[in-house]
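Here the structure is laid out as structure tokens; the discussion comes afterwards.
Bear in mind these aren't lab numbers, they're just calculated from the coordinates by the rules spelled out. Here the structure is a predicted model, which means the values were calculated and not measured. Please note: Cβ atoms are built from the backbone with ideal geometry, for glycine as well, and neighbour counts cover all protein chains shown.
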Amino acid sequence: MIEVARLSKAYGKRLAVAGLSFQVAPGEVYALLGPNGAGKTTTLRILSTLVRPTGGSAKVAGFDVVREPLEVRRRLGLVNGGMRVYDRLTGREVLAFFAGFYGLEGKSFREALSWVTALLQMEETLDRKVMEMSTGMRQKVVIARAILHRPPVLLLDEATAGLDVFARRALLDFVKAYRDLGHALVYSTHVMSEAEEVADRVGFLHGGKLVYEGSKEEALALGGGSLERAFVQVVKEAA
């Protein structure tokens, strides 16, 4: 569902992403791990067609992110940490507004709303104004607007940033549930414990380069049972 080949992005003389290659299959969570400035967000912005790459290629659901951006967006959902929704609207009104971008109206919107409400267990948020919601409720609305059109690919970029423990738990449970529906997810984070819980495979980014890739089990074995130790070991060797 995701194919990245020798992808690069330069800002002036600085390479934010340098020759990056990886793939993500249906029904798989690929954790893209690295500290701030490693190139995670730039990579996801390229995949979501928000930034044009300097070199290489990337495809989402078989469509090229540069040549076919609209087709990519139809098959993609994106959740960033700190995403906002309109305070004065209810959850239902927010979702109806964003559903319009995907041509979901009338019966198709009602069906999509029913599906996402059940998946996220967000019945209590639909008729409450966003300004009256807890952090966890707001995050459910953010996720719901990203998956209303049931995208086969979902990108999550530091999606738990600023969440309390209950909201964080709900998001991690959602990631596993969405994977189990057969979708492909990229989970970008610098929090190794989250990756240990949700990832099937992991890629370590350092200085815009992929310095390690393997199954979660392989990475844990490398770090003596700790993904964080594995990451530190690999990055030290790469440096």
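Structure values in brief
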read-out: Positive minus negative residues near L104 (Lys, Arg vs Asp, Glu; Cβ under 12 Å); value: +3
read-out: Rh (Kirkwood; distinct C-alpha pairs) - the stretch 1-129, Å; value: 16.8
read-out: Alpha carbon centroid spacing (whole Å) that separates the stretch 87-132 from the stretch 170-238; value: 32
read-out: Between 0 and 90°, nearest 10: helix 107-120 axis offset from the chain longest Cα axis; value: 60
read-out: Cα-derived Rg to Rh of the stretch 155-198, Kirkwood definition; value: 0.93
read-out: Three principal axis lengths of the chain [C-alpha, angstrom, descending]; value: 53, 40, 32
read-out: Semi-axes of the equivalent ellipsoid for the stretch 85-150, Cα gyration tensor, largest first, Å; value: 18, 12, 10
read-out: Within the chain, longest stretch clear of exposed trypsin sites (Lys or Arg not before Pro) (DSSP loop, no more than 11 other Cβ within 10 Å); value: 89-239
read-out: Charge dipole of the chain about the Cα centre (unit charges at C-beta), most positive-ward option of V191, S134, A58; value: A58
read-out: The chain, helix-only ellipticity at 222 nm - DSSP H runs n ≥ 4, -39,500 (n - 2.57), divided by all residues, nearest 500; value: -11500 deg cm²/dmol
